[in-house]
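Contents: one structure, followed by commentary.
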Amino acid sequence: MISKRYGTIGLLVLLAVTLAGCGRAPTPQPTPTPVATQSVSAAGSRSGGDVTASGEVMPAQEAEMSFTTAGRVQTVTVEVDDEVQPGEVLATLETAVIEAEIMQVEAALAVSQANLAQIQAGARPEEIAEAQEALIAAQAGVSAAQANVASAQAALAKLKAGPKPEELTVAKAAMAKAAVALQLAQSEYDKISWQSGLGATQQAVALQQASIDYESAKANYEALVSGAMAEELDMARAAVEAARARVGVAQAQAGQVKAQLDQLLAGPTAEAIAVAEAQIQQAQAALEAAQVALDQATLRTPFASTVAALEVSAGETVLPGQVVLTLADLSYLQVETTDLSERDVDNVAVGQQATVYVEALGLEIAGRLVRIEPQASKIGGDVVYTVVVELDEQPPDLRWGMSVDVEITTR
């Protein structure tokens, strides 16, 4: 029996004897036999070699449930005192954004997988044929650009060299022929010059045309005689440079087309396959992360228990780690000491027998010490350690939070 109870019984015996003596006449009485009493031991002390302490009934398993992500609570499916089983849904967050993200990531994964399959399959015959035709067209473009360069260079050289003697002879003859034609036209016009309305006559039109032909032949001859002007040479040189630039562009395009054809003929490279595979792995990782976020939006029961406290309602916004509800396994209770002194902790060990007195029930329960917390706490300046006692039986009236006295047998 715990020493505190023995002390109480002894005091009650002394009180009963005293009251009996006060109710009688002062006649000689036999000297009463002294009753042995035990002194009351303070909690957290040793009595007869054993260690005593105060304690509290606690559930062996308890959990404060919270979400790992922030969000708005969509549903709360339990109430306080509800009994729940492992895996049962307790509460959920809104998941529309996460579900949309999953759909997007799944689409990206499908595209990456299709891209890898296409690379591994290699080029189709029609793709190779198209690339070959494109190369032929690009090479033709190079040839045309080179021909333009040759033409521009020839024009520049001609301007620099000036007219040939035969060109001057031809130009001079053309000018003389145009002069004769002009004279003849003038003679015919003079024959009717006395008439009115000459502008619409055939002679007037012929004279006008002959004048134009003569001026053109004269200008051509004089241009050949004077040679090319500086502006004409500059324009010809610019035309050559532009033609050469177009050759460079055409050759670059042809080289690019040829490289594409070579790649199609050679098949997929190891680097291209590695890049495609990495894209798939990246998409898969993103999908797994989104699915984990979706799963974490549902709070499930980790063990068979009872809802001890409920802190939120549907529609509220919660933060990561914020306690949503508390679960406890009330089917299996244990005792935790609250004031076991640091002076006594060296005398207790896991496996020692203990007696737990539940004052509210007037009941003693045998138990066994199963754990000593490694870290101390302080109560009113005293250093104390928590010791956990496993009970040999679970009385039906035993409740979480009841005060108890614990006596640990250290002998």
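The values are calculated or read from the model by the stated rules, or taken from the named source; none is laboratory data. Computed from a predicted model, the values in this text were never measured in an experiment. Cβ coordinates were reconstructed from backbone atoms using ideal geometry, including for glycine residues, and neighbour counts include every protein chain displayed.
Data for the structure
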{"read-out": "Test result for residue 129, touching a Gly at 6+ places or on another chain (Cβ under 9 Å) and not assigned by TED's automatic domain parsing to the domain that holds residue 313", "value": "no"}
{"read-out": "Considering residues of region 393-411 that are of a type in the set (A, V, I, L, M) and part of a loop (DSSP other than H, G, I, E, B) only, the residue surrounded by the fewest Cβ atoms within 10 Å (Cβ to Cβ)", "value": "402"}
{"read-out": "Any chance residue 367 is part of a loop (DSSP other than H, G, I, E, B) and within 21 Å of residue 328 (Cα to Cα)", "value": "no"}
{"read-out": "Matching entry among 322, 282 (being farther than 22 Å from residue 102 by Cβ, among the polar types (S, T, N, Q), at pLDDT 95 or above and surrounded by 13 or more Cβ atoms within 10 Å (Cβ to Cβ))", "value": "322"}
{"read-out": "Which listed residue, of 130, 106, is under 27 Å from residue 251 (Cα atoms), surrounded by 13 or more Cβ atoms within 10 Å (Cβ to Cβ), of a type outside the set (A, V, I, L, M) and out of contact with any Lys or Arg (no Cβ under 9 Å at 6 or more places or on another chain)", "value": "130"}
{"read-out": "Total residues in region 152-179, condition surrounded by fewer than 13 Cβ atoms within 10 Å (Cβ to Cβ) and under 30 Å from residue 257 (Cβ atoms)", "value": "1"}
{"read-out": "Number of the exception - residue 140 against (1) at pLDDT below 85; (2) part of a helix (DSSP H, G or I); (3) surrounded by fewer than 16 Cβ atoms within 10 Å (Cβ to Cβ)", "value": "(1)"}
